[in-house]
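Step one of this worksheet: look at the structure below.
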Amino acid sequence: MSYPSTPDPAFRAAAHEATDSFGAIELPQGVWWGAQTQRSLEHFRIGHHTFGIKFIQALVTIKRACADTNLVEGRLDSVRCDAILAGCDRIMQGQYDDQFPLHVWQTGSGTQTNMNVNEVISSLANDWLEQRQKAEGQSETHYRVHPNDHVNMSQSSNDIFPSAMHVAVAQATHHQLIPAIVALNEALGKKQKEFEHIFMVGRTHLMDALPLPVSSLFSAFRAQLDQAKNALTESLSHVYALAVGGTAVGSGCNAPAGFGNKVAARLAEQYGLPFYANPNLYAAVSGEDALLRFSAATKQLASVLFKIANDFRLLGSGPRCGFNEWRLPANEPGSSIMPGKVNPTQCEALSMVSLQVMGNDLTVSLAAAQGQLQLNVYRPVIIHNLMESIELLTDSMTSFADFCVRGLALNEIQIRANMARNLSVITLLAPSLGYDVAARIVHHAHALNLSLGQAAQQLALYDETAFDELLRKALAEQER
């Protein structure tokens, strides 16, 4: 198996050995990870999914906060702490993204990825120590940074991996997902304003119904998006609760008292988000209820987007043989065989994303219900699905706003023609005509393909001109 090189001047140019409790193992040229990472690479060659760098950065940021806290607690000396911080900072600068190659499909606790991060930080920290030693003219260093003893001090994979999951989800939601919802909502708002004086035929059960302003459709879309955004925001109040400080089973074994609160406070300050240590660390380690609730909120958003996409493409169907009331932007040719055909591709992409997110939520739901006794052991698949959902929702909403909503136009000729043929408009006169009389007029008009006024006159109920004037006044009142 080959690995990409890195331009770092202190790059490990040759293959070398690493050891762990299982013994020695050969490492490839140019890697900064250690034995446990290498063993995972060899034993879990499953699929191609790896953890995104944003999740890795969340882990690294937690490691940094833990090192700072261990220093203050008197558990970690200042030299090793400085080295760990330097290693973390080098990773955060983006020079070592290729050093985190482990697949999602690994141990359910995420221990191997936690150790991958520990090992890379440890190697970079020791490299930093060696460079400092040379700069100071020392012949040998009295310090070494160990991935378990120092980088993982006061921690366990069981509390740090889920903490990173929460941090990554909260970060991505605040900085990607919610801004994308807001941008789509604003694009819909501009169309709502643009179309506020145009009425169209309403449809219920896909059948003709009362007329309504085109802007009302956009008002409904925007209200649903707001509700989905609120659901996401509300769910984050529980995502901010971190498992850090719980260590292996939630008891906090090997961590100083209050360690989780202090680390969470550092993370809250750094990210500008209200992270806090979960008040029940046993629950934080053994379950993933907070992310289950968050996943349900992503499904709610996906459901709203699915509705919006389908309404857009239904109203834009045609152009000659469909509804043909909305003119969707023509971004690219739609067929390899039918010349001039244009398809609602942005609607289709948004629909497919919505289905994927719904499927991801099912996976998260099943995974969150699993894990026996003191640990949920389905965490890698949970965070993989959640981060994928956030990314897909963010990108698809941005694409839909840019390439569908903003270029949307109305076919007002078709809209007016449909309004003229709409029989359900008689509902506006039902209070004065009575339901039975109104129904007689509609049935007669439909059976003989007449206008409502013509049907009313043939039934000797109203003069056609007088009836049409009643309808006109009722519509005008409806518009007000």
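A few points about this structure:
- The chain: C-alpha pair distances exceeding 36 Å, %: 48
- Between amide H atoms placed 1.01 Å from N, distances below 5 Å from residue 410 occur with 327, all of them 5 or more places distant or on a separate chain.
- Applying 1/(1 + (r/R0)^6) with r as the Cβ-Cβ distance of residue 283 and residue 97 and R0 = 35 angstrom yields a FRET efficiency of 0.55.
- Rounded to the nearest 20 debye, the dipole magnitude of the range 65-119 is 120 debye, with +1 charges on Lys and Arg beta carbons, -1 on Asp and Glu beta carbons, and the Cα centre as origin.
- Lys/Arg +1, Asp/Glu -1 at C-beta; the chain dipole; positive extreme among 415, 185, 286: 415
- Ranked list, fewest to most other Cβ atoms within 10 Å of each Cβ, for 338, 419, 200: 338, 419, 200
- Sorting the segments 291-301, 406-416 by their mean number of nearby beta carbons within 10 angstrom, highest to lowest, gives 291-301, 406-416.
- Taking the chain and dividing mean pair separation by its residue count, relative contact order in percent (alpha carbons under 8 Å, at least six apart): 14
- Total formal charge among the other residues, if their Cβ is under 12 angstrom from that of residue 456, Lys/Arg +1 and Asp/Glu -1: -3
- Computed over neighbours whose Cβ is under 11 Å from that of residue 278, the net charge equals -2, Lys and Arg +1, Asp and Glu -1.
- Under Karplus coefficients 6.51, -1.76 and 1.60, residue-wise ³J(HN,Hα) of the range 441-451 in Hz, glycine/proline x: 4, 5, 4, 5, 4, 5, 5, 10, 6, 10, 6
- Counting only Cβ charges, +1 for Lys and Arg and -1 for Asp and Glu, the dipole size of the chain around its Cα centre is about 760 debye.
- Model label points for residue 369 and residue 417, set 7 angstrom from Cα along the Cα-to-Cβ axis, are 5.1 nm apart.
- Amide H to amide H distances under 5 Å link residue 252 with 247, where only residues 5 or more positions off or on other chains count and H is placed in the peptide plane.
- Alpha-carbon centroid distance for the pair the range 22-98 / the range 405-423, whole angstrom: 59
- Coupling constants for the range 335-342 follow from the phi torsions by the Karplus curve (6.51 cos²θ - 1.76 cosθ + 1.60, θ = phi - 60°), and in residue order they are 9, 8, 10, 9, x, x, 6, 10 Hz; glycine and proline get x.
- Unit charges at the beta carbon, dipole of the range 423-479: most positive-side option, 431, 447, 465: 447
- Amide H contacts of residue 50: 104, each under 5 Å away and 5 or more positions distant or on a separate chain (H built 1.01 Å from N in the peptide plane; Pro and chain starts excluded).
- Fewest-first sequence of 182, 364, 239, 263 by Cβ atoms within 10 Å of each Cβ: 182, 239, 364, 263
- Counting every other Cβ atom within 10 Å of each residue's Cβ, 353, 72, 342, 201 order from fewest to most as 72, 342, 201, 353.
- Net charge, residue 420 excluded, C-beta distance under 13 Å - Lys, Arg +1, Asp, Glu -1: 0
- Helix-only mean residue ellipticity at 222 nm for the chain, each DSSP H run of n ≥ 4 adding -39500 (n - 2.57), per residue, nearest 500: -18500 deg cm²/dmol
- Phi-based couplings in Hz for the range 201-207 (Karplus 6.51, -1.76, 1.60; Gly and Pro marked x): 6, x, 9, 10, 6, 6, 10
- Cross-link table 190/341; 191/473; 54/262; 54/229; 54/191; 190/473, entries beyond 25 Å C-alpha to C-alpha: 190/341; 191/473; 54/191; 190/473
- Cα-Cα separations in the range 16-153 greater than 18 Å, expressed as whole percent: 55
Laboratory data are not the source of any read-out in this text; all were calculated from the coordinates shown. The structure presented is a predicted model; accordingly, all values stated were derived computationally and were not measured. Quick reminder, even Gly has a Cβ in these numbers, built from the backbone with ideal geometry, and neighbours come from all protein chains shown.
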